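What follows draws every value from the coordinates through simple rules; no lab data is involved. The shown structure was predicted, so the numbers you read here are calculated from the model rather than taken from an experiment. Glycine gets a Cβ as well: all are built from the backbone with ideal geometry, and neighbour counts include every protein chain shown.
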Amino acid sequence: MLVVLVLGTTFSCTSVQRTEVEPYAEGRPYTRWWWFASEISNDDILYQLEWLKDNGFGGVEIAWVYPMRGDSTIVRPAWLSKEWAAPVNYAKRAADSLGLGCDFTYGTLWPFNAFDLPDEYATHSFYQKESPQNRTLTWEHPRKAKILNHLDREAFAYYAARMNEGLKDAYKGSRSGVFVDSWEVETRHLWTDGFGEKFKERFGYAVEPYMDKLYEPGNEDVYYDYMTLMSDYVLYEFYKPFTDNAHSQGAFSRSQCGGAPADLLGAFMLVDVPETEAILYEPNYGRIPASAAALAGNDIVTSESFTCLYGWKGWGGKGPYQDQEQIGDMRLIADALFANGTNQIIWHGMPFNEKGKGKNDNHFYASVHVGPDSFFKDQLKEFNDYMAKVSRYMRKGRTYSDVAMYLPLEDSWMGVEYPDSLQMPWVWGEYELRYVFAPDYLKGYQPLWVNAKVLSQASFSDGLLRYGDMTFSALAVDVEWLDIETLRQVLRLAEQGLPVVMPREPKQPGMNKSGEYADLYAGLMSLTNVSAVPSDILKQKPLIEGEDLPDFWCRMDGEELYIFVANPAARQLKYPLRYGQAFEDKGSRRELTVNTSAGAQHLTLEFRPNESLMLKVGGNGKVEVIDLGFSAKELLLEP
């Protein structure tokens, strides 16, 4: 159950009535529902919602975008007008009547932008203070909208007041999520008024003389300090106000924080529903939002799923095999997501269609097309039922973990840029943490990421590291760089008895070095419960042992464990998938040991082609394999 606390904020509250529709009920997948700028008919809205209900969907996320083909002559109601709001309000009421959830992208396209945004509230770089970035592919295309300054809570409040007025009646009824997509604001030389003054106050030197060479080798320490302050702006001038505003309207926040120039774990912890995406982000990334949800006490981890799984050709053209996607390949992605902590799938996506007019996919830039004419329509409901079933199991109790591992944020900020081999047109900086994996020696423990804030607020008692509802028996800090304040927290906890694995001697990042750093590290390593050798510290057996372990995710419900073990073919999926990659799998076997409170249970797991397994482990140690009841069929391409 999604729990949302309504907090007092500077935003005006709206009195809302609630129905019994629970967000993400029963784990049924949602779909992003692309509303092209046009006049929207209630009959077409109801037709599509009824189709979704019949095909195993649990709800929609309405996303408002450009007019089809970028045709500026298409008649449409003005953005956020009463005429614009009328079909939105009808869609929400119709969804409620059908038992479907209804979320809203909190704007037109993304990042957040507004046509009447004052210049002082627009985003800018250090060099472009008077030339704010513009966005044209919006509801009112080709009219230009200014992109919001995401580093200024006053700018967000201005923007939110207008969005809340437009959505005020749509907030009524069941609780809706308001959604912000991945960070798509230019991050190089990002700046806001007062940044330079705060930087000098915090670090004791001016950053402005370094801005020309901020990303060049030799300036990593300055870049680290720049990112440290930038992170605070992103977290507390944008993500926290975004969530507070959602609560003030009786809604909840859902966010892809990916790409934000910030402590990503901290960002995901500030929203009610953290969201990953695949496969423009690869499935391993999902462990960051899943860790954030567990630490923050939130149940739901969503994923924008199946986006451009075979590649992307950009705006105005179809990607490879678009409209010919294989359910088997999508199942590979879904299973990889489940095995990295996702428990709610959101399809990307369904274009708005007029009843009897055929599909709009010719003007829909990215796969996967969901609708009555989908290439995979005959398997769609069965696949949705499968994903809903796994999602329900992956919400039982709470997330299991035995070892906390420190997210290498400092390493990413000191690394600055990815090597050319890892960059993509939309990816350049290590701050995105796209390629971060748990070390092999932690594989079977289902470790969760933690950050400096978690360690500073955690306690150690009765042999366990405690934060919120989560407990850990040990901490792994396997990094090249570590902030001195974080090192102090690790030392504090270790002195209380926390077992710590520290395989590498870290260095202090940032311009301001301290002679105390070496002494703190020496004091830490002098403790008998701290070692560079993992086997010296990790005396407890991992949850799962075995050669060539598949990816898995475990939930603990009382004395029972529910373990989703993904097909080995779903490990380390890379963008883009090969067409039909799922059907290259001929089946496999794994000899595993599940270490339960009742003793070690030795299992031989048989993975049929393109299928994963769900294990239920009772308090007595008995292991049951739950039938997930779905096998994808390969679809033949038309000649």
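For a label point 7 Å from the Cα of GLU165 along Cα→C-beta, name the residues of the stretch 227-270 whose backbone N is under 19 Å from it. Only 245-246, 248-250 fall inside the zone, counting backbone N under 19 Å.
Against the set (i) 38; (ii) 33; (iii) 43, the structure's computed percent of Cα pairs over 38 Å apart falls on (ii). What the Cα atoms of the stretch 544-626 give is an Rg and a Dmax of 13.9, 44 Å. Each label was represented as a point 7 Å from its Cα along the Cα-to-Cβ direction; for ASN529 and ASP420 these points are 4.9 nm apart. Here the chain is assigned +1 on the Cβ of each Lys and Arg and -1 on the Cβ of each Asp and Glu. Its dipole about the Cα centre then comes out at about 1120 debye.
Extending 7 Å from the Cα toward the beta-carbon at both LYS213 and THR593 defines two label points whose distance is 5.6 nm. In terms of packing, defined here as the mean over residues of other Cβ atoms within 10 angstrom, the peptides 255-265, 623-633 line up highest first as 255-265, 623-633. Subtracting the Cα-Cα distance of GLN601 and SER41 from 0.36 nm times their residue separation leaves 195.8 nm of extension gain.
Summary of packing: across the peptides 562-568, 462-468, 343-349, the per-residue average of other C-beta atoms within 10 Å ranks them, highest first, as 343-349, 562-568, 462-468. Of all the Cα-Cα pairs you can form in the stretch 401-537, what percent are over 25 Å apart? So the portion of pairs separated by more than 25 Å is 27 percent. The gain in end-to-end length when the GLN572 to LYS633 segment is fully stretched comes to 19.7 nm, 0.36 nm per residue minus the alpha carbon separation. The gain in end-to-end length when the LYS53 to ASP116 segment is fully stretched comes to 18.9 nm, 0.36 nm per residue minus the alpha carbon separation.
Simple rule: put +1 on each Lys or Arg Cβ and -1 on each Asp or Glu Cβ in the stretch 401-537, find the dipole, and look at MET502, SER461, GLY415; the Cα lying farthest toward the positive end is SER461.
Provide the percentage of antiparallel DSSP beta bridges, counting only those with both residues in the chain; round to the nearest 5. Percentage antiparallel, nearest 5: 50. Only DSSP H runs of four or more residues enter the estimate; each adds -39500 (n - 2.57), and after division by the residues of the chain the mean residue ellipticity at 222 nm equals -7500 deg cm²/dmol.
Here the stretch 159-173 is scanned for amide nitrogen atoms under 15 Å from the site 7 Å beyond the Cα of GLU20 along Cα-to-Cβ, giving none.
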